[in-house]
Each structure stands twice: as C-alpha cells, then as structure tokens.
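Just so you know, all these numbers are worked out from the coordinates, no wet-lab data involved. Predicted model only: the values in this text are computed from it and were never measured. Cβ coordinates were reconstructed from backbone atoms using ideal geometry, including for glycine residues, and neighbour counts include every protein chain displayed.
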Amino acid sequence: MDSQKTIAVLGGGAAGMMAAVAAANDDATNDGKSAPRVLLFEKNAYLGAKVIISGGGRCNVTTGIFDVKKLMENYPRGSKFLLSAMFKFPPEKVKEWFENHGVPLKIEEDLRIFPVSNNGKDVVGALEKELRRLDVEIFTNANVIEVKKNSAQKFLLTLKDGQTFEADAVIITTGGNAYRHTGSTGDGYAFAKHFGHTITPLSPSLNSFTVSEKWVSKIAGVSFEKAGICLKSFDGQREYKRVGPVLFTHHGVSGPAVFATSARASYENYAREKPMELRVNFFPNESAEELEKRFMELADKHGKKTLVNFLDMLLPKSLCEVIVDSLKADPGLIMGRLSKVLREAVLKHLQAFPLQVIGRGAGDEFVTAGGVDLEEVNTNTMESKIQPGLYFAGEILDIDGFTGGFNLQGSWASGRLAGESAAKNI
C-alpha cells in the first residue's frame, strides 16, 4: 500500500482554505485510499485576513445569481476558464456549504449574499472548524520563500525561518497584490515563474477614481442608487459604460458602478497629464427628451424659484450648487428668465456631468487584474500544464470579477476544484 501522500497549500485565504478542505476530505480521492496529509501555510498570524475585511467586514460570501451563464457575465477576465469550476461548485452550492457548516446566509435585494450575522469572521470560523475536523496541519506566521523540485522529484518548500517541507503536490493560492496589508503581496508569481509560467501584465481592478476637480470634496458623501457612467480612454478610442450605485468622495467617485468600470479599464494608462473623461448621468432611466419634457413642466409650475432651488427638486442641494457654479450661472436667476442656451447646458450636465479622471483611488483596489496565464493551466483540474503536481486557484490566476461576491465565488470554486484534483491525482 502506498505511503500517505502530502499536499501543500500556499495561502490561507478563500481559495486556499477551500482547497485544503477539499483535498483533505476522504471523498476527494474516490478510490478508497485514505485522504492525503494536507499542510496549509499562511504568512499572517491568522487565516482569511482578506475574507474577513471583504464587504466592509460583512463578507459578501457569494452572489444570488444562480444561473451560471449569467453569473459568468460578471467576470471581465477568465469567465470561460472558470466555467468548469463554477458548474461543479456554483453559488447555490457555496451557499448550501456554508449553511450546512453553521453560517446562516441571507440574499439581499441586490443579490449579494452575506452572513445573517454580518460578520466575516463567522465565514472564516466555519472553514477553520472544518480544517481542524479534517486534521489539516495549519501553519500561521509561515512565510514560504521558495518552492522547487528536489532530487527525489518532490516539491521542496522552504520557509523564511529555515524550515523545509516535502510535498507530492502544491496548490498555490497566494492571491494577487491588492490589499498588501493583508499579506497579499504577489509572492506566488515568483513561484509560478520558477516553474516556467507566464505572468500576464498586472494592474489594479475594482478601484475608485481620483478626479482633477478640487470642488468634488464639497459633494463628498452624495450618492446615487442608480447613475450611468461613461468613461472614455485618453486617446478617445475606447468607451466603458455602466449603470449602478455611484458615490462621490473627497477625491473623486466610488461605488459599484465605478468599480465595475475600473475593472474594464484596468489596463488604461491615465494620469494628471493624460486624463480620461468621465461623464455621469444622474437620470439613466430617462431619455434626453423625457428629461427635458419633465424639466419644462416643472419650470412652468415653479417659474418663480431660483435656479439653485429649482435644481434642488431634482438633485441634492450641494450638487446643484456645483452644477450652477461649473456653468458660471447666477444661482439667484429666476427660472422664468432662464435662457434656452442655459437650459440646454443645465440639461446636459444632468445627464453628462463631466469629470477628469487622473488616477486610481489609493487603497481602494480590491483585486488584481492579470496573473498566471490561463493558457498554461488545465481548466478542468486547475493543474499546471507545465509542471505536473502544481495547481493554482483564486486571484493568482488571470481571473477577476466585479463587486457583488463574484471574486469570492471564483475563489471558492477554483479552490475546491484544485483541492479535489490534487487529492485524486497524487
């Protein structure tokens, strides 16, 4: 009988914890063999640092979009590659897994799924409990600095403190380089390169935008549940559009619609001297003609109101003041005296409010666009096509999704597939 095999999982985030659970499960091998010895290495003092802070600490576990084909529309990169993993462990099965492991979940109106407790620690706690039940050996404060093959053709892992470990298979789930304070510093890219893998260009994704307009700080906190945004590349050749929640910040704009737009524009090169034009439509559900008609009807009824007070019927007052100021109009102008030229300029601002995007919001990036080239990884197993026994899962791959639970869903699904595949194949 074969001696017990060993699987090492590098990274104790969402993908790593789920990969270790799947690898250690007796059912994973499907051939009566005992489960392998599973080692889980995490450089932080605790597991799931990024999981705990996701969703503002509430942890957006997954999405309520249960139709896998519709689900995949929310991945700007890697959607085809993820299909196999997603069909095997789709959102409803992820929801079921956590509820079966003591974490009641709720589906909110926007289809995001959170723990009823609104506490990300409960999600990590359920995984930790299962890891311990399955006798996974957890090493925290364990910084793996090298992974290579030894003379016995096993993987040799070296830790910063000098400890070494041998493994028959290695699953790399070390994440990207977003949220660096959680330990997600892109170490896995070096390991992947050592074994001949290509790392595609890396860029922040799901970030807010910094704008050149200083007055934006005056409307910080103003938000819209539904606004349309249109971002034009610096050279004017590409446009990125999205409708959804938008929030003005002290330095620019944020919110789900902005994050999704930034994901699509991840590889655009922009700066103060090379700004991108962003236009915000505060009334995305109305055509220009419909808004003009409503505007005229209101103006007829409230002809004695000043321009600022009139606009206050349509938008938050602080924003009305900014619009009037940007048009260099008299805020005390009576609506009955509003010229056609000024009316048209106001209407244009209501549906194409202009801003100059000059940078990414510092610290707001949630994920990394780019990673291990998907052409070099088996979509059905998550195993390297270059180095047998080496697997990848989660954000280290060239995969990323929009906000709304899609990135965690991608990590659960790819992690589980990598863990099961590694256990079956060794």
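Once the Cα-Cα distance is subtracted from the 0.36 nm per residue extended length, the E99 to I145 segment shows a gain of 13.0 nm. Computed from phi, the 3J(HN,Hα) profile of the range 322-339 under the Karplus parametrisation 6.51, -1.76, 1.60 (θ = phi - 60°) reads 5, 4, 4, 5, 5, 8, 6, 9, 7, x, x, 4, 6, 4, x, 10, 5, 6 Hz, with x in place of Gly and Pro. Mind jotting down the distance between the C-alpha centroids of the range 109-127 and the range 273-314, whole Å? Using only Cα atoms to place each centre, the spacing works out to 39 Å. Listed by Cβ neighbour count within 10 Å, with the fewest neighbours leading, K50, K70, K154 appear as K70, K154, K50. Simple point charges give the picture: +1 on the Cβ of Lys and Arg, -1 on the Cβ of Asp and Glu, and for the chain a dipole about the Cα centre of about 840 debye.
Close amide H partners of L105, meaning residues 5 or more places away or on another chain with modelled amide H under 5 Å apart, are V116.
This ranking places Y46, Y189 by how few other beta-carbon atoms lie within 10 Å of each, fewest first, which gives Y46, Y189.
Compared with the alpha-carbon gap, the fully stretched path from K348 to H250 is longer by 32.9 nm at 0.36 nm per residue. In terms of its C-alpha gyration tensor, the range 210-311 comes out prolate, because a/c is 1.5 or above and the ratio a/b outweighs b/c.
Loop sites here are GluC sites (Glu not before Pro) outside DSSP states H, G, I, E and B with no more than 13 other Cβ atoms within 10 Å. The longest part of the chain free of them is 110-272. Here the gap between N380 and T158, fully extended at 0.36 nm per residue and compared with their Cα-Cα distance, gives a gain of 77.0 nm.
Candidates T379, V216, P284 compared by Cα position along the dipole of the chain: farthest toward the positive end lies V216, with charges placed on Cβ. Per-residue 3J(HN,Hα) values for the range 50-64, derived from phi via the Karplus relation 6.51 cos²θ - 1.76 cosθ + 1.60 with θ = phi - 60°, read 6, 5, 4, 8, 5, x, x, x, 7, 6, 7, 3, 7, 10, x Hz in sequence order (x marks Gly and Pro).
Annotation for Y46 and D67: the two label points, set 7 Å from Cα along the Cα-Cβ direction, are 4.0 nm apart. Shape class for the range 236-290, computed from the alpha carbon gyration tensor (a ≥ b ≥ c): prolate, with a/c not under 1.5 and a/b above b/c.
A P(r) calculated from all alpha carbon pairs of the range 285-362, with 5 Å bins opening at zero, reads 3, 14, 26, 26, 16, 6, 4, 3, 1, 0 percent.
Residues considered: N269, N119, N25. Largest GNM mean-square fluctuation over the chain, using C-alpha springs under 10 Å, is found at N269. Where (1) 1.05; (2) 1.15; (3) 0.99 are the candidate values, the label of the one calculated here for Cα Rg over 2.2 N^0.38 Å is (2).
When a/c reaches 1.5 or more, the comparison of a/b and b/c decides; with that in mind, is the range 3-102 rounded, prolate or oblate per its Cα gyration tensor? Cα axes put the range 3-102 in the oblate bin.
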